[in-house]
Amino acid sequence: MIQRYKLTNDMKKLIFFHGLLLSLLILLAGCDNSSPTGSGTSSSPASGQRQFVWNAMNYWYYWQSDVPELADNHQHFSSDQAFQDYLKGFANPDSLFQSLRYKPGNVDQFSYFIPDYKKYNNQNKGIYAALGFNYGYVVLADHYTVIGYVQYIVPGSPADSAGLKRGTVFWKVDGNKLNVNNYQQYLRDDQSPHTLTLAKVQNNTIVQTDSTVTIQSRKLTEDPVFYHTVIDTSNTKIGYLVYNAFQTNSHKELNKVFGTFASKGINTLILDLRYNGGGSLLTSEVLGSMISGKGPSDEFAELSYNSKRSSLNSKIYFLNKVPIANSNGTFDTNSQGDYTNTIPMNKLSINNVYILISQSTASASEALINALKPYMNVTLVGTKTIGKNHGEITLYDEPKDAATPPYTDVNKANPNTKFALAPLIFKITNKNHNDYPNGFQPDVKVDEVNYLGNLPPLGSLKDPLVSKAISQITGGQTTTAQSRANLTRHGQFQGTFLKDNRDLRPHGKEMNIPSVMLKKIAQRKKVAPH
């Protein structure tokens, strides 16, 4: 028996209301508050995260005008829907970001995607999960076999506890023999334990062994001010500083070191940047001010941006005070663009600086070298540097109405977005408009790879680069801590440096401009335009 039900007016109203609500939810699901401005309205916009990637690159990227897909108002696309379809064609925001990088001539090797900006910001403070040693890879004379060697050990780290030493050589990682085709695959994940199979250097050749060392990983805080001392010779006092990363939280410690140098009356400085891949441009400015003794009337560098951001093109100057970060890790300025939380700066009054460099020296390190050259005698000892004369900024997924400059305030970041972008946005030159696209060649060439099997601890005066710098300063005279034999010995180990562990990280070679520097530039231009 079939039962029939008669719909009442109330039931009809309820069905109509539910149908209307369902239609509204379907309509809202197709909308996106982050849709960029364009000609027409897309009926099917891409995700807000992809919109952010395109918007940020269109606004900031140094080569924006050279990438057709980044043309203003989506002019490269036939319609707004074609633009939206283009964005949706990428599997994720990272793949979209990579596609928008300028490709010809491999000019942009250094823009990078940040999967987790909170972890990245901690890493810029020296806080990260790691094994606790820096390493380099070397290809042997057969052009195929690769070995790794320890460049330095973080004191108190798992690598330190495991007994690794500077110069330790390994030929396998987790049981895998290293060669030119696979060496970059291993040790990239330094959050996991790894086993190294060791080798020895005997008579300048590699002798493979079965001896292994397993190193656990844990959270570390690495101090970039690795070592400093004052070297007394018969005719001069030399300050020696090993500095491994331009971290903004190291300003106070750097200032203490230079206070010691100044009080000891050093005549010359040896600055060891051979493992310094860069970091904050602000910290480079701070360190340059301490070394040179220059102040706000002396130009440190010139920055130029893409044509859309040319209003930010500016000169930046040496400093008289040390800016100190607040509890959030950022810096405060007043309406005139001056840093408000500072301490007096300890400066040197010297004419000569010897900077130790290598294939690992890049970005903010190179910017410092370039900035000092017009003011001092700068002697470079080591091997050629990378040649990164463009800098990046960290960009966050902010709401559309964020204050100018957009996407730079971590406090306004979308809580549902973990990633951030670090595209190259400016080119840097020095006072004389010189830059360094091919890196800096050493004035005195010394390759530490030639000394594998005989590398002393980092900071030792017997180190081949340090001893060579001292002999250049003193005219060959030695200190009591050195031996004449060490100064004259020439390493014979044959191998060619390939990469270091920083090369295996997207942000290992960086010159990041803090948003406060952009704010400072904008404030100063309002007060006294250049």
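Here are some notes:
- Candidate set from segment 195-240 (those that are assigned to a strand (DSSP E or B), of a type in the set (D, E, K, R) and touching a residue at least 60 places away in the same chain (Cβ under 8 Å)); member that is nearest to residue 131 (Cα to Cα): 218
- Condition met for residue 449 (within 26 Å of residue 238 (Cβ to Cβ), surrounded by fewer than 16 Cβ atoms within 10 Å (Cβ to Cβ) and of a type in the set (A, V, I, L, M, F, W, C)): no
- Looking at 132, 148, 136, 175, just one residue is modelled with pLDDT under 95 and not assigned by TED's automatic domain parsing to the domain that holds residue 358, and that residue is 132.
- Annotation: residue 164 fulfils all but one of (1) hydrophobic (A, V, I, L, M, F, W, C); (2) touching a residue at least 40 places away in the same chain (Cβ under 8 Å); (3) not in a loop (DSSP other than H, G, I, E, B); the unmet one is (3).
- Single condition residue 45 does not satisfy, out of (1) closer than 30 Å to residue 252 by Cβ; (2) without any contact (Cβ under 8 Å) to a residue 60 or more places away in the chain: (1)
- Selection within segment 56-69 - outside any loop (DSSP other than H, G, I, E, B), surrounded by fewer than 21 Cβ atoms within 10 Å (Cβ to Cβ) and touching a residue at least 12 places away in the same chain (Cβ under 8 Å): 58, 59, 65, 66, 69
- Residue tally, condition touching a strand residue (DSSP E or B) at 6+ places or on another chain (Cβ under 6 Å), closer than 14 Å to residue 131 by Cα and small (Gly, Ala, Ser), over segment 142-185: 3
- Segment 345-369, residues that are of a type outside the set (A, V, I, L, M), outside any loop (DSSP other than H, G, I, E, B) and more than 15 Å from residue 285 (Cα to Cα): 352, 354
- Test: residue in segment 256-271 that is out of contact with any Ser or Thr (no Cβ under 9 Å at 6 or more places or on another chain), at positive phi and assigned by TED's automatic domain parsing to the domain that holds residue 438: yes
- Scanning segment 286-335 for residues that are hydrophobic (A, V, I, L, M, F, W, C), under 19 Å from residue 408 (Cβ atoms) and in contact with a His (Cβ under 8 Å, 6 or more places away or on another chain) yields a single hit, 325.
- Screening residue 475 against (1) touching a Ser or Thr at 6+ places or on another chain (Cβ under 9 Å); (2) over 26 Å from residue 139 (Cα atoms) leaves a single unmet condition, (1).
- Test: residue in segment 168-181 that is polar (S, T, N, Q), surrounded by fewer than 13 Cβ atoms within 10 Å (Cβ to Cβ), in contact with a Phe, Trp or Tyr (Cβ under 9 Å, 6 or more places away or on another chain) and assigned to a loop (DSSP other than H, G, I, E, B): yes
- Those residues of segment 328-346 which are of a type outside the set (Val, Ile, Thr) and under 22 Å from the mean Cα position of the chain (by Cα), in sequence order: 328, 329, 331
- For segment 290-310, the criterion of being in a loop (DSSP other than H, G, I, E, B), closer than 30 Å to residue 503 by Cβ and among the aliphatic types (A, V, I, L, M) is met by no residue.
The values are calculated or read from the model by the stated rules, or taken from the named source; none is laboratory data. Note that the coordinates shown come from a computational prediction; the quantities given were computed from them, not determined experimentally. Virtual Cβ from ideal backbone geometry, glycine too; neighbours counted across all protein chains shown.
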